[in-house]
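Working notes for the structure below.
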Amino acid sequence: MKSIILAASMLTTLPSISLAEFIDGNEIYKRCEGPNAVSVATYAMGVADTYDLLVRYEKTTPFFCIPLQVSARQLKDVMCRYLREHPENRQQGAAGLGAVAFREAWPCS
């Protein structure tokens, strides 16, 4: 329950995107450059934090293992790079695409 509340509260920090909207990779990719890039960093942090909560409290198997010293900008860069390199997947949900991007960049050993 805590993870759901935290995830919902993180999504409210995205400017001009309501919680009722489905956020796909196309929407995130449009925001990768320019003044809205900070919203991608915020979204990427939310994806990483939500998965971390699921692993810690729901005892799920880690899907990716982000090192502690990784910055929000790095999370954004990894997510945007994945979206740039995989345009065929951008219609999918952004959170899932972020998780796949993080797994490619930081697989668990």
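The values are calculated or read from the model by the stated rules, or taken from the named source; none is laboratory data. Predicted, not measured: the structure shown is a model, and the values here were computed from it. Cβ atoms come from the backbone with ideal geometry, glycine included; neighbour counts cover every protein chain shown.
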remark   = Taking segment 80-94 and keeping residues under 20 Å from residue 51 (Cβ atoms) and either touching a Cys at 6+ places or on another chain (Cβ under 8 Å) or surrounded by fewer than 18 Cβ atoms within 10 Å (Cβ to Cβ) (or both) leaves 80, 81, 83, 86, 89, 92, 93
query = Quick one: would you say residue 62 is part of a helix (DSSP H, G or I) and farther than 16 Å from residue 24 by Cα?
reply = no
note = Contact list, first residue from segment 70-93 and among the polar types (S, T, N, Q), second anywhere and assigned to a helix (DSSP H, G or I), beta-carbon distance below 7 Å, six or more apart or interchain, is 89/25; 89/97; 91/25; 91/26; 92/25
query = Taking residue 75 and the conditions (1) more than 10 Å from the chain's Cα centre (by Cα); (2) under 16 Å from residue 104 (Cα atoms), which numbered condition does it fall short on, given that it satisfies the others?
reply = (1)
ask   = What pairs can you find where one residue is in segment 22-35 and touching a residue at least 12 places away in the same chain (Cβ under 8 Å) and on the phi < 0 side of the Ramachandran plot, the other is of a type in the set (Asp, Glu) and surrounded by fewer than 17 Cβ atoms within 10 Å (Cβ to Cβ), and their Cβ atoms are less than 9 Å apart, with a gap of 6+ or different chains?
value = 27/21
inquiry  = Need the failing condition index for residue 23 against (1) at pLDDT 95 or above; (2) closer than 28 Å to residue 108 by Cβ, just the number.
reply    = (1)
